[in-house]
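Take a look at the structure set out below.
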Amino acid sequence: MPYRDPHTAAPTLWAIRQEHGPDLEVSWTAPPAADAKQHRKAIEAALIALHRRDVGASPVANFGRMIPSYEQSSYSDDERRGGPLADGETESNTAPGTEPLPWTNHDNPLAADWMGLDWTEPLALDAVHGEVPESAGVYRIWDGDTPLEYIGQSANLKSRLYRHRRTRDGSLRVAFTPVARADARHRREEIETELIGAHWLACSAAPIDQF
């Protein structure tokens, strides 16, 4: 099994090939907008979001996932090779992902129920205080209109928003929503990516400070 660098999906693709190989197929496209890094990453998020919506799950090798019965390699600096596990063994990266969002009001990134989530009332970033929970969830930051400034995820919303309050303009608006099913990092990243992808589809742009 290869290391997770130079590409983090390589160990999972290797494992898929061992189980279902020997061949993988690939196709690609090069739209002009992909010349710019921010647009390219936002288009990737939109494609993953549409895959999740239409298929009901994330692509197998995204978000650092690993298929059952295999252990993930480390990055090359740690020199730990993954491979098949013994019967009955498992690792955390094989845990199921979270289901797709409902896509309610998907074309209005400022809606209180955008993408089917229960967003808090907006407040100024410098007014973020004790009402923010220390739980996992996602948040959005903006300046009065779309495109949004930033979409993020955290295992601790309170800590993350306090950090943004120290480094960003306090007049920016923020809303957040705890997500019970976002207890694992890959699940929070699935939701975050789906939100960024929906934003791209609605606004033809990434959030201003994303990527």
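The values are calculated or read from the model by the stated rules, or taken from the named source; none is laboratory data. Everything quoted here is computed from the prediction, not taken from an experiment. In this analysis, Cβ positions are derived from the backbone assuming ideal geometry, glycine residues included, and neighbour counts consider all displayed protein chains.
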Boolean, ASP78 is of a type in the set (D, E, K, R) and modelled with pLDDT under 95: no
Pick from region 86-98, criterion surrounded by 13 or more Cβ atoms within 10 Å (Cβ to Cβ) and farther than 12 Å from ASP183 by Cα, ranking: farthest from the chain's Cα centre (by Cα): THR90
Flag if LEU117 is modelled with pLDDT of 95 or more, surrounded by 20 or more Cβ atoms within 10 Å (Cβ to Cβ) and touching a helix residue (DSSP H, G or I) at 6+ places or on another chain (Cβ under 7 Å): no
Qualifying residue in region 145-156 (condition: out of contact with any Lys or Arg (no Cβ under 7 Å at 6 or more places or on another chain), within 15 Å of ILE43 (Cα to Cα) and charged (D, E, K, R)): no
Residues that are touching a helix residue (DSSP H, G or I) at 6+ places or on another chain (Cβ under 6 Å) and assigned to a loop (DSSP other than H, G, I, E, B), drawn from region 65-97: ARG65, MET66, ILE67, PRO68, GLN72, SER73, GLY82, GLY97
Condition met for ARG187 (charged (D, E, K, R) and at pLDDT below 95): yes
Residues (part of a loop (DSSP other than H, G, I, E, B) and out of contact with any helix residue (DSSP H, G or I) (no Cβ under 9 Å at 6 or more places or on another chain)) located in region 22-43: PRO22, GLU25, VAL26, SER27, TRP28, THR29, ALA30, ALA36
Residue ID - nearest to ALA175 (Cα to Cα), chosen from residues in region 113-129 that are free of Cβ contacts under 8 Å to residues at least 24 places away in the same chain and assigned to a loop (DSSP other than H, G, I, E, B): ASP113
Out of HIS199, HIS106, sole residue that is over 16 Å from the mean Cα position of the chain (by Cα), surrounded by 20 or more Cβ atoms within 10 Å (Cβ to Cβ) and touching a residue at least 12 places away in the same chain (Cβ under 8 Å): HIS106
Selection from region 135-181 of residues that are over 15 Å from MET115 (Cα atoms), outside any loop (DSSP other than H, G, I, E, B) and among the charged types (D, E, K, R): LYS158, ARG160, ARG163, ARG165, ARG166, ARG173
Options THR90, THR29: the member that is closer than 29 Å to PRO207 by Cβ and among the β-branched types (Val, Ile, Thr): THR29
